[in-house]
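Note sheet for the following structure.
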Amino acid sequence: MKKITVYGASSHTMGEPYVSQAELMGELIARRGWTAVHGGGSGGVMGAVTRGARRAGGAVTGVIPMFMVERGWLNDDLSDVVYTADMAQRKQLLAEEAAAMVVMPGGIGTLDEFFQAVTLRQLGFNDAPIIVVNVNGFFDHMIEMLRHAAECNMMRGNSLDELFTVVDDAPAAMAAIERSVINC
């Protein structure tokens, strides 16, 4: 069964359309019979992906460090939980078995996960497609900053399109995943 890792905000106060797009992402993953995998939290994108996937009869695996469980952040509606010792192990496991990685709007943790995934892809350690879901232009400034870094010769500019794909919504993300992992 294909596993699609979804990175995104853990905030309980994020609004529309971020919640609806995350729920739809979970639903679309589940409809294809794939497993959604995320950081195991109950709030934000993680909670919304879980709700969408479970409503569609799908499986959701959470990968969560024990300190987060102790703080009460574990989502009770997960199909499976993988407990880790720390954040580094969590990030490794989230990326390790992913047929594709979906990056939805989020904060520092999401950006950390995104940049680690992109770095590993650029270095040739991960070939899973990375899909950035740019809901309402959320990632426009980040993409502009990366293009600026390329213009300043801090990185290869032509590599941006090879490293990740930017789409506007969950259906476009699923279409990009299907194009990328059709032979997986």
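All of the numbers you see were taken from the coordinates with simple rules; none came from a lab. The shown structure was predicted, so the numbers you read here are calculated from the model rather than taken from an experiment. Cβ: placed from backbone, ideal geometry, glycine included. Neighbour counts: every protein chain shown.
Here are a few things to note about the model shown:
- Adding -39500 (n - 2.57) for every DSSP H run of four residues or longer, then dividing by how many residues the chain holds, sets the calculated 222 nm ellipticity at -13500 deg cm²/dmol.
- Stokes-Einstein D for the chain, Kirkwood Rh over Cα pairs, 25 °C, 0.890 mPa s (µm²/s): 151
- In range of the label at Asp112: residues from the stretch 47-69 whose backbone nitrogen is under 14 Å from the point 7 Å along Cα→Cβ: 64-68
- Nearest-ten-degree value, helix 18-31 long axis tilted from longest Cα axis of the chain: 80
- Packing, taken as the mean count of other beta carbons within 10 Å per residue, orders the peptides 170-176, 84-90 from highest to lowest as 170-176, 84-90.
- Overall form of the stretch 43-125 per C-alpha gyration tensor (a/c, 1.5; a/b vs b/c): prolate
- Distant-in-sequence amide H partners of Val82 (H built 1.01 Å from N, under 5 Å): Gly62, Val63, Ile64
- Amide H to amide H, with H built 1.01 Å from N, Ala9 comes under 5 Å of Val45, Gly106, Gly107, counting only residues 5 or more places away or on other chains.
- Structural descriptor for the stretch 78-138: relative contact order 38 percent, calculated from alpha carbon pairs under 8 angstrom and at least 6 residues apart.
- A simple charge model with +1 on the Cβ of Lys and Arg, -1 on the Cβ of Asp and Glu and nothing else charged puts the dipole of the chain at about 340 debye relative to its Cα centre.
- Taking amide H atoms as placed 1.01 Å from N in the peptide plane, the amide H of Asp169 lies under 5 Å from those of Asn134, each 5 or more residues away in sequence or on another chain.
- Relative to the longest principal axis of the Cα atoms of the chain, helix 140-151 runs at roughly 40 degrees.
- ³J(HN,Hα) computed for each position of the stretch 41-48 - Karplus, 6.51 cos²θ - 1.76 cosθ + 1.60, integer Hz, glycine/proline x: x, 9, x, x, 4, 4, x, 5
- Acute angle (nearest 10 degrees) that the helix 108-122 long axis makes with the longest principal axis of the chain, alpha-carbon atoms: 60
- In order along the stretch 170-178, phi translates into HN-Hα couplings of 4, x, 5, 4, 5, 4, 5, 4, 4 Hz, rounded to whole numbers, per the Karplus curve 6.51 cos²θ - 1.76 cosθ + 1.60 with θ = phi - 60° and x for Gly and Pro.
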